[in-house]
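Have a look at the structure below before the remarks.
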Amino acid sequence: MNFIQRAFRHLTRSKTKSLLLTLTFFLIANFVVVGFSISSAAAEAKTETRRKMNPVVEFTMNFDAWYEKYMSLDQEERKTFAYPKPDPELVKKMLADSRVKSADWTRSTMGYADGFAPVEIQRPQKEEDEDDGGMFSGSIVVSETLSGSGQKTEQKPNLTLLGLLSPQMNKLADGTWSLAQGRMITQEEIENGSPVAVIDKRLAEANNLSVGDFIKIKLYSDEEMNAIADTQNDNVLDLEIVGILDSAEELSSEELQWASEYSHPANQVLVPLPLYAQRDLALMTLFHQANPKVMEAKPEDYDPSSVVFVLNDPLEVDAFRDQYNQNLDEYLIMDANDEMYQRLSKPLDTLTVFSDLIVAVVLINAVVIITLVSALTLKTRETEIGVLLSIGVSKVKIVGQLFSELLITAMIGFALAAVSGSMIAGSVGEKALAMQVQENQTSESGGFAYSSSESLFNEVSQEEVTASYHAGVDAGILIQIFILGVGVVFISTLIPSMMVLRFNPKKILMSQN
């Protein structure tokens, strides 16, 4: 390996040239270190942002896109342009995924307590003399399902039936709910449409109910049932209580002002969705027969319009969503709080593009400059190369010497840049991020954003994201830098190497005479 020794001797003899090459690599490496540090810090900050967000994926309809299409259709086309819903088979496949911790696959409707009393809403006392008693106290309530009949009733719904297609509920998983008595409805009971129910502890205590007791719930009021020709059909679900939930959920003071009894968390009853759907479909079929102008109900009408999944790990969200986001209906989406994530990540993405562009431009210029310097200095070393070739040194070893000379200066320059570049990267990166954050906040619109009350999405502030950004140099970046340095030297040696391979030692020495 004497060509390495010759490389060292040449560098010590040509101190000015060696110093200039080392300085060139040092400057190049500083830009590369800054670029890599900013890019790496931005990627890590995005990872931390996702880690701070709840690992929630909502499989739902893209309402904005659907509504835009709907408004572009004529009246006849609108009649057949239905709401898209998650495919039940795909949802079952997703529920079986090991990354899923829990999921809400439910559909709710209103009902009427039969033979027991719902938990009353304790409204705050009003200072003024008002007798409205809440928004719904004197109002006439029209059933959601039978609203097309025009049948009005003074009997108000006072329960919410939460139909389940899966017992893996998010509130049970996160501790919002717990079982005070009994058990949860099983998957088998859901699939069989078994007449079972889980009720709130407050509802149970108000009516002296316990596990094993039965409650009756009407799907429609007596007045609404008059809209069906055959009023003898069973409008009542006779349910066995298999579990009692302990929940601390309460209505806020603002909600108490207008809430109806069915919206009180204590008046929520969990039942298998197929049980409710089968009974309601039979009633709606009779209603359609008595009122042919009303659209006929179909079994798929009872499928939930959305499913909310909670995963075990926030960092699994993107992979989970991408896996199941294939071949979906164009109006269905897998939403992982993307709007907030993209808003928070926008400054980081801009930094990444900026830093990657710096690295690319610097590396291209580095290869061009080092190649030109090497090729030009090679002309001044023709005699040295001619002598080496004449005494039997192979052209490969001469090329190896040239490569070693560049590599030694490159490694010295890159090593020095690893120290200075880390300090520069921290200062430059933080200032650039601050500018991007300020620009991002200025350009944000103050539009209205709807958030479902059932959503488990959480809020992460821009300050939290900024705080997790730390540009610096770690072992991974150092390894990348030195590998990149070797690559730059290798490419920069290619043209000089081809020139060496064409050298003829006899012609070189004769030309010197």
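The values are calculated or read from the model by the stated rules, or taken from the named source; none is laboratory data. None of the values given here were measured: they were computed from a predicted structure. Note: ideal-geometry Cβ built from the backbone for every residue, glycine included; neighbour counts use all protein chains shown. The accessibility values were calculated without ligands, DNA or RNA, using every heavy atom of the protein model including side chains. Shrake-Rupley method; radii C 1.70, N 1.55, O 1.52, S 1.80 Å.
Numbers below:
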quantity: Restricting segment 320-365 to residues that are without any contact (Cβ under 8 Å) to a residue 60 or more places away in the chain and either open to solvent by less than 30 Å² (accessible area, probe 1.4 Å) or under 15 Å from the mean Cα position of the chain (by Cα) (or both), the residue that is nearest to GLY35 (Cα to Cα); calculated: GLN342
quantity: Residue in segment 29-44 that is in contact with a Phe, Trp or Tyr (Cβ under 9 Å, 6 or more places away or on another chain) and surrounded by fewer than 19 Cβ atoms within 10 Å (Cβ to Cβ) present; calculated: yes
quantity: Any pair with Cβ under 7 angstrom, 6 or more apart, that starts in segment 262-283 at a residue that is touching a residue at least 40 places away in the same chain (Cβ under 8 Å) and ends at one that is surrounded by 22 or more Cβ atoms within 10 Å (Cβ to Cβ) and assigned to a helix (DSSP H, G or I); calculated: ALA266/LEU203; ASN267/LEU203
quantity: Flag for PHE309 being more than 22 Å from TRP177 (Cβ to Cβ), aromatic (Phe, Trp, Tyr) and open to solvent by less than 40 Å² (accessible area, probe 1.4 Å); calculated: no
quantity: Segment 345-361: number of residues that are farther than 23 Å from ARG51 by Cβ and of a type in the set (Val, Ile, Thr); calculated: 3
quantity: Selection count where residues are open to solvent by less than 50 Å² (accessible area, probe 1.4 Å) and among the basic types (Lys, Arg), scope segment 47-61; calculated: 1
quantity: Failed item in (1) open to solvent by 40 Å² or more (accessible area, probe 1.4 Å); (2) modelled with pLDDT of 90 or more; (3) β-branched (Val, Ile, Thr), with ILE217 passing the rest; calculated: (1)
quantity: Among (1) part of a loop (DSSP other than H, G, I, E, B); (2) modelled with pLDDT of 80 or more - the single one ILE358 does not satisfy; calculated: (1)
quantity: Evaluation of ASP230 against (1) at pLDDT below 95; (2) open to solvent by 30 Å² or more (accessible area, probe 1.4 Å); (3) under 17 Å from ALA282 (Cβ atoms); (4) within 39 Å of the chain's Cα centre (by Cα) (one fails), failing number; calculated: (4)
quantity: Residue count, segment 163-183 (criterion: among the small types (Gly, Ala, Ser) and without any contact (Cβ under 8 Å) to a residue 60 or more places away in the chain); calculated: 1
quantity: Some residue of segment 99-119 being at pLDDT below 90 and surrounded by 11 or more Cβ atoms within 10 Å (Cβ to Cβ); calculated: no
quantity: Index of the failed condition, ASN267 passing every other in (1) among the polar types (S, T, N, Q); (2) open to solvent by 40 Å² or more (accessible area, probe 1.4 Å); (3) touching a helix residue (DSSP H, G or I) at 6+ places or on another chain (Cβ under 7 Å); calculated: (2)
quantity: Single match in GLU261, GLU224 (criterion: open to solvent by 10 Å² or more (accessible area, probe 1.4 Å) and among the charged types (D, E, K, R)); calculated: GLU261
quantity: Test: LYS85 is of a type in the set (Lys, Arg), out of contact with any helix residue (DSSP H, G or I) (no Cβ under 6 Å at 6 or more places or on another chain) and more than 21 Å from ASP280 (Cα to Cα); calculated: no
quantity: Residues of segment 181-214 that turn out to be in contact with a Leu (Cβ under 7 Å, 6 or more places away or on another chain) and either open to solvent by 50 Å² or more (accessible area, probe 1.4 Å) or farther than 27 Å from TRP105 by Cβ (or both), as a count; calculated: 3
quantity: Answer from ASP200, ASP238, ASP246 - the residue that is closer than 30 Å to ALA290 by Cβ and of a type in the set (D, E, K, R); calculated: ASP238
